[in-house]
Amino acid sequence: MGNIFCFKFDKDNGAECLKDALSLSNISTAKFINVLCLSGGRLAKTESQKRMMVFLAEKNQNFCGIGTVGFNIVNMPWDRENFDEDKAFMLDVIRCAKDKLGWETLDFQPNEEIVFEALNVFEKLIHRMNKDEIRDNRLQEWLSEAKENDPVYCGFPKCRIHDTYLSLFGCQVCTD
Ligand SMILES: [Zn+2]
């Protein structure tokens, strides 16, 4: 078991879709999301960027279930209004994760070989994203699933230890 991060999965064409996907063990997934949360927690400036970080922080296997947090890039809450900026932001988050941004707050050392390779594959998937692939109802759907006490509606609180954005499950780094 593990988690798969795919650009856009289409079950009629599954093998083709999975060719460039990122496939990670459950433990590596937790570390991969940890370092993205640490980096993005320090880089996000706008509301749509903070939403992206909350989306990632929700990928918490302690709450969602082991091996259930893979996602398709096209299903991230992309906002058409700020797409170019937000795509550049995501690429920055990945680049700075490779510079170990925020890693000094960790009480463990991620396996660099595995995490960096995962970041490289994820970077290619984010590169592929373009405006034509945005699903207009996706952002609204994701927001409508959030309860009124969700961080996206409460000023985007952060973890005091890790400086990461919280999801409704709390800090992904503290808990996964
Ligand atoms: Zn934390």
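For residue 66, are the conditions met, namely being without any contact (Cβ under 8 Å) to a residue 60 or more places away in the chain and not acidic (Asp, Glu)? Spelling it out, it is not the case that residue 66 is without any contact (Cβ under 8 Å) to a residue 60 or more places away in the chain and not acidic (Asp, Glu).
Filtering the stretch 93-113 for residues that are surrounded by 19 or more Cβ atoms within 10 Å (Cβ to Cβ) and within 11 Å of the chain's Cα centre (by Cα) leaves a non-empty set.
Can you work out which of the residues in the stretch 131-140 that are of a type outside the set (Lys, Arg) and surrounded by fewer than 12 Cβ atoms within 10 Å (Cβ to Cβ) is farthest from residue 51 (Cα to Cα)? Residue satisfying both the conditions and the ranking: 132. Scanning the stretch 145-176 for residues that are at positive phi and among the acidic types (Asp, Glu) turns up just one, 163. The stretch 111-176 holds helices (runs of 4 or more DSSP H) entirely within its bounds, and those carrying 1 or more residues that are within 16 Å of the ligand (Cβ to nearest atom) map to 172-175.
When the stretch 151-176 is filtered for residues that are surrounded by 22 or more Cβ atoms within 10 Å (Cβ to Cβ) and of a type in the set (Gly, Ala, Ser), only 167 remains. Determine whether residue 33 is of a type in the set (A, V, I, L, M, F, W, C) and either in a loop (DSSP other than H, G, I, E, B) or open to solvent by 10 Å² or more (accessible area, probe 1.4 Å) (or both). No, not satisfied.
Let's see how each residue does on (1) in contact with a Ser or Thr (Cβ under 8 Å, 6 or more places away or on another chain); (2) in a loop (DSSP other than H, G, I, E, B); (3) surrounded by fewer than 19 Cβ atoms within 10 Å (Cβ to Cβ); (4) of a type in the set (A, V, I, L, M):
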{"position": "4", "(1), (2), (3), (4)": "yes, no, yes, yes"}
{"position": "12", "(1), (2), (3), (4)": "no, no, yes, no"}
{"position": "40", "(1), (2), (3), (4)": "yes, no, no, no"}
{"position": "81", "(1), (2), (3), (4)": "yes, no, yes, no"}
{"position": "91", "(1), (2), (3), (4)": "no, no, yes, yes"}
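The values are calculated or read from the model by the stated rules, or taken from the named source; none is laboratory data. Everything numeric in this text was worked out from a predicted model, so none of it was measured. Neighbour counts are summed over all protein chains in view; Cβ atoms, including those assigned to glycine, are modelled from backbone coordinates with ideal geometry. Ligands, DNA and RNA are excluded from the accessible area calculation, which covers all protein heavy atoms including side chains. Shrake-Rupley method; radii C 1.70, N 1.55, O 1.52, S 1.80 Å.
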